[in-house]
Amino acid sequence: MKSFVSRRLYSATLMVVVLALLVYWTLQQKWTLGHSSFGTGYVLLATLFFLALYNIRKKLPVLPWASSSDWLQAHVYVALGTAVLFGLHVDWRLPTGFLESTIAVLYGATFVSGIVGLIWTRTIPAKLARVSEEVIYERIPMLRSQLCERAQEAVLEAVRSSGATTLGEFYSERLHPYFESSRRIGYFVRPNSRLRRRLLAELTEMNRYLSPDERETCEILFALVRRRDDLDFHAAMQWRLKMWLFLHLGLTYPLLAVASVHGLVAHLFDGGVL
Ligand code: HEM
């Protein structure tokens, strides 16, 4: 725990010192009527390339790089530091030209997606652990269809043995669509347990009209409805984790490309030569 805290303290202190030196350097340039744009631009571009290198690091874990957690920590602190660097580079003004505005939007979106992702990667695993045991994302469709089959078999068996149809009718009207279809996109954006609670309440309400055989099956259905809802929650949360990384990475490469073109154009306009 101590080394965990002191590692963070060390990274944060290092980041503050480097940023303070950069701020001092840009102020000094201003006082001597010099230009800091190229300097801050190069440092910012190099920093963005360093952040993007994390993708290569993740793809090639066999190379003798630093540990994955060290990389992530360096990534997060350096990325946070780029906010100040970006501010210094644009002199704390909103960019106006097309290229500059495009970079600002791409940078802003990458930065914000990074913050959101950091929060999600820290909070979602704990939420999932509270719901049920670990579930592999790719296995969720198969587990869902198994649940659907088990529910169907249990209801058919109850109808056969009791001769009553109350549970069977309820199943085909309310539960079969629930077990068979996927959740709407709104659920993936904001997962909630409304449908689960409604179905469980309806099952509870119906319980008193059931025969003893049907009641036993009703207990099984209670468990299956809960299990299906847990699987949907896993699917939505794990989809969120996949999507944010896809977006974060998807924004990174256009950002690098546009920032590099911007550097090139700046040189061309500065003296006509590179
Ligand atoms: C602004 C420029 C940024 C760039 C160019 C950038 C780029 C990248 C790249 C290329 C990856 C690797 C993705 C992969 O291969 O899976 C990554 C991962 C990540 N970034 Fe950033 N990032 C930036 C900002 C941020 C910020 C501001 C934060 C949070 C404070 C952040 C947090 C993360 C996290 C948590 C991961 C992945 C963790 C994991 O592997 O699960 N990034 N970023």
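Listing for the model above:
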read-out	value
Listed peptides 112-118, 206-212, 133-139 by packing density, highest first (mean Cβ within 10 Å)	112-118, 206-212, 133-139
Magnitude of the charge dipole, the chain, Cβ model with Lys/Arg +1 and Asp/Glu -1, debye to 20	680
Exposure rank, largest accessible area first [T32, T96, T40; 1.4 Å]	T96, T32, T40
Relative contact order %, segment 137-239, counting alpha carbon pairs below 8 Å whose residues are six or more apart	43
Normalised contact order of the chain, rounded percent, pairs of Cα under 8 Å and 6 or more residues apart	25
Label-point separation, S211 to T32 (7 Å along Cα→Cβ), nm	9.5
Inter-site label distance for A126 and E169 at 7 Å from Cα along Cβ, in nm	4.8
Accessible area in the full protein assembly, largest first, 1.4 Å probe, for D229, D270	D270, D229
Heavy-atom accessible area order for H75, H35, largest first, 1.4 Å probe	H35, H75
Apportionment of accessible area to carbon and sulfur, the chain, percent (1.4 Å)	67
Distance from segment 199-260 to segment 74-101 (C-alpha centre basis), Å	38
Area accessible to solvent at L72, 1.4 Å probe radius, in Å²	50
Signed unit charges on C-beta, dipole axis of segment 1-118, positive-most listed residue L48, G97, G34	L48
Most mobile listed residue (T204, T121, T110) in the chain, GNM with C-alpha springs under 10 Å	T204
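The values are calculated or read from the model by the stated rules, or taken from the named source; none is laboratory data. All of these numbers come straight from a predicted model, not from anything done at the bench. Cβ: placed from backbone, ideal geometry, glycine included. Neighbour counts: every protein chain shown. Only protein heavy atoms, including side chains, enter the accessible area calculation; ligands, DNA and RNA are left aside. Shrake-Rupley method; radii C 1.70, N 1.55, O 1.52, S 1.80 Å.
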